[in-house]
1. Please list the non-local residues whose amide H lies under 5 Å from the amide H of Leu77, H modeled 1.01 Å from N, same-chain partners needing a gap of 5 or more.
2. Each residue of region 47-56 in order: what ³J(HN,Hα) in whole Hz does its phi give by Karplus 6.51 cos²θ - 1.76 cosθ + 1.60, θ = phi - 60°, with x for Gly and Pro?
3. What's the extension gain from Phe71 to Ile25 if we count 0.36 nm per residue and subtract their Cα-Cα distance?
4. Go ahead and run the numbers for FRET between Leu129 and Phe78, Cβ-Cβ distance against an R0 of 45 Å, rounding to 0.05.
5. Treating each Cα of region 63-153 as an identical point scatterer and ignoring solvent, apply the Debye formula and state log10 I(q)/I(0) at q = 0.25 Å⁻¹.
6. So what J values fall out for region 64-75 if you push phi through Karplus, 6.51 cos²θ - 1.76 cosθ + 1.60 with θ = phi - 60°, rounded to Hz, Gly and Pro as x?
7. Consider all pairwise Cα distances in region 21-82 and report the whole-number % of them above 16 Å.
8. Using the Karplus equation 6.51 cos²θ - 1.76 cosθ + 1.60 (θ = phi - 60°), what ³J(HN,Hα) coupling, rounded to whole Hz, does each residue of region 101-113 give in order, writing x for Gly and Pro?
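Readers should treat all values here as calculations from the given coordinates under stated rules, not as data from a laboratory. Bear in mind that the values here come from a model prediction, so they are computed numbers and not experimental data. Glycine gets a Cβ as well: all are built from the backbone with ideal geometry, and neighbour counts include every protein chain shown.
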Amino acid sequence: MDNTLIIHPQEKPNHWLLMSTLLFIGFFVVGLTAMTLLNGGIVNHMLFPVGTDIAMFQLIWQEQPLRALEFIVTKSLFVFIHQDPRSGLNLWTLQYDSITLVVYLFAALLGGQLISRARQTVRHNTGLLRGLLGVVLLVTAFTYMTAIEHCSGATWVGFVAFYGLGFSDFEFYPYYQGTLSLLSLGLLTWGFIKQAQANR
C-alpha cells in the first residue's frame, strides 16, 4: 500500500515557502530569546554599523574590488543590543552580517523543504529530526555575538558558550566552525535521503 498522501500541486510550494519564512523569522526570535535568558536583559538598543563602513568600502573598491567585497560582507548589517542604561556599556549583542543572513536563508529554505516533504508521508518524522538538527547546527555555526563578561568583539556563539562554561583558554581555530558546518550539511543530506527512501 502506498504511504504517500495526496497533496494538490499548488499546496506544496505555498506550504514550503510558509515554513521557510517561519523558520527564517524563528532563527532571530530563538537567538534573541536565548540571549535574554542566558545573559539577562532584553534588547533596548539597535545599531546599523554597515553604514559607517561604506566610505571605507568605496575607498578600497578603487584599488582592490575583491578585498572591498570581502570587507563589506563581513561587517555587521544590524546588531541587537542590551545596553546598560547607567554606564552605556553593551552588555551583550547579537550581530548579523551578509554571510550570516545568506546562511540563515539557505537553512530556512532547506528546513522548510524538510517539513513540507514530511507532510507527504504517513511516517512524518522520517529524516525530519536529523535534518532539523542539521539546520540548527548550521545556523549556530554562523551566529555571532558579544558578551561583556567573555569577549570584547564579535565572536562565534560557540566560543562564547565555551567561555561561559569556564574554558577561558579556549583557542580560536576556524576549523571548529567548518567542522560544525560539514556536520550540519551531512545531517541535512541524511534527512533528505531518509525522506526519499520513505516516499518510495
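1. Under 5 Å from the amide H of Leu77 lie the amide H atoms of Tyr96, Asp97, Ser98, each far enough along the sequence or on another chain.
2. 10, 10, x, 4, x, 6, 9, 4, 4, 5
3. Once the chain is fully extended between Phe71 and Ile25, it gains 13.9 nm.
4. 0.90
5. -1.15
6. Working through the residues one at a time gives 9, x, 5, 5, 5, 5, 4, 4, 6, 6, 9, 8 Hz.
7. When all Cα pairs of region 21-82 are counted, 59 percent exceed 16 Å.
8. The phi angles translate into 5, 5, 5, 4, 5, 4, 5, 5, 5, 5, x, x, 5 Hz.
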